[in-house]
Amino acid sequence: MKTAHLVIVIAITAVSSAFIGGTISYELLSKRPAEVLRVQSIEIEDSKGQVRGRLGSEKDGAVLLRFMSPNQRPVLSVGSWDRDRP
């Protein structure tokens, strides 16, 4: 009798797992990827959590790719900005 109950429990668990896995797979695989990702900046951190690089827009409208030294001083900045802006 205990073996019959064990088989029933295993069968119900297997069917439930298959249903849940199928549903999750369908939801994940049927969605189209986003065509546009909108962010104001992307920061790159080192293993210590310090920001070492940043790609983003500045308050004055400049768009920069900036690399920082370990002591957080800008080492290289590449980008464009409107020179007519104050």
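Taken over the range 28-64, the residue count meeting the criterion of being more than 18 Å from Leu76 (Cα to Cα) and not small (Gly, Ala, Ser) is 14. Beta carbons closer than 9 Å, at least 6 apart along the sequence or on distinct chains, never pair a first residue in the range 38-56 that is free of Cβ contacts under 8 Å to residues at least 12 places away in the same chain and on the phi > 0 side of the Ramachandran plot with a second that is among the aromatic types (Phe, Trp, Tyr) and surrounded by 13 or more Cβ atoms within 10 Å (Cβ to Cβ).
Scanning the range 25-57 for residues that are assigned to a helix (DSSP H, G or I) and open to solvent by less than 90 Å² (accessible area, probe 1.4 Å) yields Ser25, Glu27, Ser30.
The values are calculated or read from the model by the stated rules, or taken from the named source; none is laboratory data. No experiment lies behind these values; they were computed from the predicted model shown. A quick note on method: Cβ atoms are made from the backbone with ideal geometry, for glycine too, and the neighbour counts reach across all protein chains shown. These accessible areas exclude ligands, DNA and RNA; they are computed on the full protein's heavy atoms, side chains included. Shrake-Rupley method; radii C 1.70, N 1.55, O 1.52, S 1.80 Å.
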